[in-house]
Amino acid sequence: MRLSNAIYPGSFDPITYGHIDIVRRATRLFDDLVIAVVANPRKKPLFSVTERVRITEKALAECDICGVKVIAYDGLLIDCAKSHNVQAIVRGLRANSDFDYEFQMALTNRDLDSDIETVFFMTAGCYSFLSSSIVKEVKRFGGEIKSFAPKSVEQALAHKFE
Ligand code: ADP
């Protein structure tokens, strides 16, 4: 079976240009892409899941990316992928710090459902050290984040840290 649609899961707390770079690469390969915002990530999020979905939607619109649906999910990613009839999971790779965790997750998901393939996209060099945590940290202390995330994200962070 050819892979035509995919799900891109993550915390997106908040979305950055690194995530957006992966979205652009994935939409070149897949006809349909769903961004799945995990409700309860491993690390306690700054934004609620509803906020993260809304911020992600706004950021995509600001970057002129249309046709990508943003949903919230809880529980097993594989169940979410199946319920959306998706055959591929998209993940991004930065510097080698991502590799061990991503490898473990991909193999675990393959064990859970061998029909769903995990596909990795390598980020642009300029975003290879960019993370949501860094963006939050810089903004929290009044730094400039316009090269890291869209304006709508900056506004959401400014509001949160008011
Ligand atoms: P998670 O908590 O699931 O890792 P994140 O929102 O931090 O959620 O990341 C979601 C996905 O996006 C992961 O595959 C991560 O490696 C990738 N990602 C995050 N930041 C970047 C970036 N700067 N460049 C490329 N991929 C990234």
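Observations on the structure shown:
- Mean-position separation - Cα centroids, the range 81-142 and the range 1-49, in angstrom: 8 Å
- With the cut-off at under 17 Å, measuring from each backbone N in the range 17-37 to a point 7 Å along the Cα-to-Cβ line of PHE141 picks out no residue.
- Between ARG42, ARG140, ARG91, the GNM of the chain built on Cα springs shorter than 10 angstrom shows ARG42 fluctuating the most.
- Here the residues LYS136, LYS146, LYS82, ranked from fewest to most Cβ neighbours within 10 Å of their Cβ, fall in the order LYS146, LYS82, LYS136.
- What the Cβ-Cβ distance of CYS66 and MET122 gives, at R0 = 22 Å and to the nearest 0.05, is a FRET efficiency of 0.35.
- Residues ALA158 and ARG28, FRET efficiency given R0 of 30 Å [Cβ-Cβ distance, rounded to 0.05]: 0.40
- Cα-centre dipole for the chain with unit charges at Cβ (Lys and Arg positive, Asp and Glu negative), debye to 20: 380 debye
- Packing-based exposure ordering (other Cβ within 10 Å, fewest first) of ILE116, ILE22: ILE116, ILE22
- Each residue in LEU76, LEU157 was given a count of other beta-carbon atoms within 10 angstrom of its own, and listing them fewest first yields LEU76, LEU157.
- Selection from PRO14, VAL38, ALA26, by position along the positive dipole direction of the range 5-161 (Cβ): PRO14
- Under a 5 Å amide H cut-off, with hydrogens placed 1.01 Å from N, ILE89 pairs with ILE7, GLU117, THR118, VAL119 among residues at least 5 apart or on other chains.
- The chain: most fluctuating residue of ALA61, ALA39, ALA81 per GNM, C-alpha cutoff 10 Å: ALA61
- Over the residues of the chain, the helix contribution to mean residue ellipticity at 222 nm works out to -12500 deg cm²/dmol, using -39500 (n - 2.57) for each DSSP H run of at least 4.
Where a number appears in this text, it was derived from the coordinates with a stated rule and is not lab data. What you are looking at is a predicted structure, and each value in this text was computed from that prediction instead of being measured. Glycine also receives a Cβ, built like all others from the backbone with ideal geometry; neighbour counts cover every protein chain displayed.
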